[in-house]
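Some notes on the structure that comes next.
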Ligand SMILES: CC(C)(COP(=O)(O)OP(=O)(O)OC[C@H]1O[C@@H](n2cnc3c(N)ncnc32)[C@H](O)[C@@H]1OP(=O)(O)O)[C@@H](O)C(=O)NCCC(=O)NCCS
């Protein structure tokens with residue numbers, strides 16, 4: 001009797017991106033090198049809106065947290081978000097995308113710090129291809145124990161916004177870890 005050939009199920013291609021007519025896909029092959037990687041997260045189906053992509057409010061909350069990292073390094077104390085000065089959802093985010101949040105300090109005032117945040121998505125099945133999905137600018141204020149604005153120490157306003165010399169940034173620490181392990185970036 002002739003053996004029945006095994007039925008091979010085709011793997012489904014990765015889900016295509018929502019793309020509006022005439023819209024070009026802006027795929028990047030590199031993540032920014034002039035900003036700090038402050039956070040990475042994978043949104044889950046529970047974070048979706050009724051369209052099946054990720055709820056904008058969820059993205060905003062993550063961006064607020066990511067922006068706070070650089071502000072926190074500058075203020076080195078309590079702070080509060082005073083304003084979201086710019087927020088652009090450039091492309092939808094899908095559940096399962098790996099989101100990378102990059103940030104840098106744009107301005108240090110008397111009590112406030114303005115930071116930019118850019119969010120890049122990467123799909124499991126298209127690793128190494130990134131899309132800028134969101135960009136934002138936020139302002140944080142240094143506050144005292146009563147929640148009132150407080151002056152930021154002068155040293156914090158100098159160009160040395162990143163951790164003190166000798167201490168590695170998240171980005172360089174990650175690069176060292178990867179080099180040591182021989183693994184590829186997530
Ligand atoms: C943040 C807070 C303490 C600031 O108090 P305030 O009396 O409004 O402070 P000021 O008007 O003196 O402004 C403080 C700084 O914020 C800046 N600022 C205020 N509104 C801003 C805006 N819309 N965009 C950019 N910067 C702004 C001011 O320019 C100032 O900066 P500088 O000192 O570096 O020049 C107060 O507004 C507050 O408690 N807000 C609620 C915060 C909150 O609940 N956030 C969400 C959870 S973290």
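Sorting 97, 47 by the number of Cβ atoms found within 10 Å of their own Cβ, with the fewest placed first, yields 47, 97. Sequence-distant contacts, meaning Cα pairs under 8 Å at least 6 residues apart, place the relative contact order of segment 36-154 at 30 percent.
Treating each Cα of segment 36-154 as one equal point scatterer and applying the Debye formula with no solvent, the log10 of I(q)/I(0) at q = 0.10, 0.13, 0.15, 0.24 Å⁻¹ comes out as -0.33, -0.52, -0.66, -1.27.
Overall shape of segment 62-109 was characterised from the C-alpha gyration tensor. The equivalent ellipsoid obtained from it has semi-axes of 24, 13, 10 Å, in decreasing order. Counting neighbouring beta carbons within 10 Å and listing from fewest to most, the residues 42, 152, 143 come out as 42, 143, 152.
Which of 104, 148 has the fewest other C-beta atoms within 10 Å, and how do the rest follow up to the most?
So the ranking, lowest neighbour count to highest, is 148, 104.
Each reported figure results from applying straightforward, stated rules to the coordinates on display, with no laboratory input. Keep in mind that this is a model prediction, so the values were computed, not measured. Don't worry about glycine lacking a Cβ; one is built from the backbone with ideal geometry, like all the others, and counts go over all protein chains shown.
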